[in-house]
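One structure is given below, encoded as structure tokens.
The values are calculated or read from the model by the stated rules, or taken from the named source; none is laboratory data. Since this is a predicted model, take the numbers as computed values, not measurements. Backbone-built Cβ (ideal geometry, glycine too); neighbour counts: all protein chains shown. Protein only, heavy atoms only, side chains kept; ligands, DNA and RNA dropped before computing areas. Shrake-Rupley method; radii C 1.70, N 1.55, O 1.52, S 1.80 Å.
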Amino acid sequence: AVLVHCRDISKVKLYIHSALASMSLAPWASISLAARMRDLNGEGLRYHSWSKYLPQQLHQQPELVEAVTKMVPTLLDCGALSAQKAARRDVASAAGSLSVGDVEARAPLDDTSSVVGQVWELSQDAQGCRRVQQALETATSEEQRCAVAEELHEHVLLAMRCPHANHVLQKCINTMQPDSLQFIIDALMQQKDLAVHVAKHRYGCRVIQHLLKACPPSQTSELARSFMDQASVLCCHSFGNYVMQHVMKFCAKEHQYSLIRCIERDIASIARSEFGGVVIQTVLAYAAQEDKVWIARSIAQRPEVMLTLSKARLGYASALLVLETLPARDQQRLLVELAEHSKELRASRYGSRVIQRLMGEPCPSTAEGLQ
């Protein structure tokens, strides 16, 4: 049980919230129980004063205050499943509105039984998706999490595009073993270019990012390969660029190499795009040293590309990395060419930072540029 030997105020809060919400009480609205209990640890968990930490509106129902006040120390000190059942029985008896069986069916947050059978329905709204995510977090075994995720198998693509259900998929990825996540990869690979379309989606790109990070390169190899034919397009896309950054950070060497060659080939168009500079920056940060020099030289050989990156909000940090990566001879040649455009660079908010670096003047660091 989640609350065994628990002295975690946040978990106690969740349990109380579940028990009271199951009795159809009015929402707690603006008064947060967490805020009321903030100083409890410093007070040594004085059980006799717990009622003062309950929302004001509950004081209009003194029988509930008394029941919850009795419930909390039992949960904290014992925490066993029997204690949880006894606490629910006390609250149900005090409220007089639900049987113990009803509370047992609707209140628990420490097990997946409250959502199994209605996972997809719950996942599609703001409150329900939180319940499903909580069930995934508090599940005590991989089997329980798989039982929840199984109800999403036929709805993966819809979930990726849903403003609420996409968070449930992300929670699956962050709480389950990689082998158990294969159903998401399979859904993305069932049609040609489907993964590319999802990578361009506001919510779908987030799911793919978590997937690339959580699963080993051998498992995501086919998925990463599917992005390579349209790598240039994704590098320049407002959402797709995040997926390409994750390919560079977490995927197999062969896919990283393919991405580097793609950027080298289309460096001019990628550098001119609003978001391409961030991908170039990621490549220069994570690639092998010889590949970094390769990309840096391909940019340095095109002064107009370097000038474009230097003046861009999401590109000037890449320009600074190019300067740091180039061998001394190439760096000197680039400095001479950029010096001819010093006036133009100084007139730009971000270009001025690059020219300051060239002239050895104080300027924000590359790390600050990444922010």
Which ³J(HN,Hα) values in Hz, rounded to whole numbers, follow from the phi angles of segment 188-202 under the Karplus curve 6.51 cos²θ - 1.76 cosθ + 1.60, where θ = phi - 60° and Gly and Pro get x? 6, 9, 6, 9, 5, 6, 5, 4, 5, 5, 5, 5, 8, 8, 3
Could you please state how large a percent of the accessible area of segment 206-329 is carbon and sulfur, counting protein chains only and using a 1.4 Å probe? 50 percent
Size of the dipole of segment 267-338 about the Cα centre, Lys and Arg at +1 and Asp and Glu at -1 on the beta carbon, nothing else charged, in debye to 20? 120 debye
Stretchable slack from Gln177 to Ser113, in nm (0.36 nm times residue separation minus alpha-carbon distance): 21.0 nm
What length, rounded to one decimal in nm, is gained on full extension from Glu324 through to Met359, with 0.36 nm per residue of separation minus their alpha-carbon distance? 11.2 nm
Cross-link pairs Lys249/Lys311; Lys192/Lys253; Lys213/Lys249; Lys200/Lys292; Lys253/Lys292; Lys311/Lys343 - those with Cα-Cα distance over 19 Å: Lys249/Lys311; Lys192/Lys253; Lys200/Lys292
Could you check the spin-label model distance between Glu150 and Gln127? Points 7 Å from the Cα along Cα→Cβ, value in nm. 2.8 nm
Quarter of the Cα convex hull surface for segment 168-270, i.e. its orientation-mean projected area (nm²): 5.8 nm²
